[in-house]
1. Enter the angle in degrees (range 0 to 90, nearest 10) between the Cα long axis of helix 11-45 and the first principal axis of the Cα atoms of the chain, meaning the one along which they spread out most.
2. When the helix-only estimate is applied to the chain (DSSP H runs of n ≥ 4, each -39,500 (n - 2.57), divided by the residue count), what is the mean residue ellipticity at 222 nm, nearest 500 deg cm²/dmol?
3. If the only charges are +1 at each Lys and Arg Cβ and -1 at each Asp and Glu Cβ, what is the size of the charge dipole of the range 11-144 around the Cα centre, to the nearest 20 debye?
4. Counting other Cβ atoms within 10 Å of each Cβ, which chymotrypsin sites (Phe, Trp or Tyr not before Pro) in the range 2-108 have at most 16 and sit in a DSSP loop?
5. Below 10 angstrom from the Cβ of Phe118, what's the summed charge of the other residues (Lys, Arg +1; Asp, Glu -1)?
6. Relative to the longest principal axis of the C-alpha atoms of the chain, give the angle of the C-alpha long axis of helix 57-86, reported between 0 and 90° and rounded to the nearest 10°.
7. Measuring from the lowest to the highest alpha carbon on each principal axis, how far does the chain reach, largest first, in angstroms?
Amino acid sequence: MGKKKIHYFTVQEVNALIPTLEEHFSKFWGFRENAQGIMEELRSKAKTVRDLDDMTPKEAANHQMRSSQAHFLLEQAKKEIDAVVDLGCTVKDIEGGLADFPHILESDDQEVFLCWKFGEKRVRYWHDLDQGFHSRKPLTKRVHQ
């Protein structure tokens, strides 16, 4: 298996992906929240293994069905994050909706990451490969070329 060739994104390419990124992150959080709600419901109904053993067949079937629903929702959530990664970026923070995109700074031909965070309407920052969100630097006009 050969190594996958890195796609270096332009600022315009990342900006064009923002609505898609927002949709995937929003769906991820929704699926996960629903799954967590179901799991919390199941935990509150069955505090112990004995509670599970004492369930009627109907209660046990309902418990299994709700557990399957939670599992399905978590699988859907994973697919949303996989779809973000498939766009060619690296998800750095699932909770904050933070993604990095490989980019070449044309000013000095340096490989960096364009850094986008959920809620930002356009990509405005970059950072070195070995740094992260807290080291973000604003894009300058010449980087947009």
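We did not get these values from a lab; they are worked out from the coordinates using the rules stated. Source: prediction; values computed, not measured. Counting neighbours? That spans all protein chains shown, and the Cβs are built from the backbone with ideal geometry, glycine included.
1. Tilt of helix 11-45: around 20 degrees.
2. Values: 3 runs with 70 residues, N = 145.
Helix-only estimate at 222 nm: -17000 deg cm²/dmol.
3. On the way: 19 positive and 24 negative charges, 93 e Å.
With Lys and Arg at +1 and Asp and Glu at -1, about 440 debye.
4. Working: sites: Tyr8, Phe9, Phe25, Phe28, Trp29, Phe31, Phe72; in loops: Tyr8, Phe9.
Hits after loop and neighbour filter: Tyr8.
5. Working: positive: Lys117; negative: Glu22, Asp93, Glu95, Glu120.
Charge balance near Phe118 sits at -3.
6. 10
7. Each principal axis gives a Cα extent; for the chain these are 69, 36, 26 Å.
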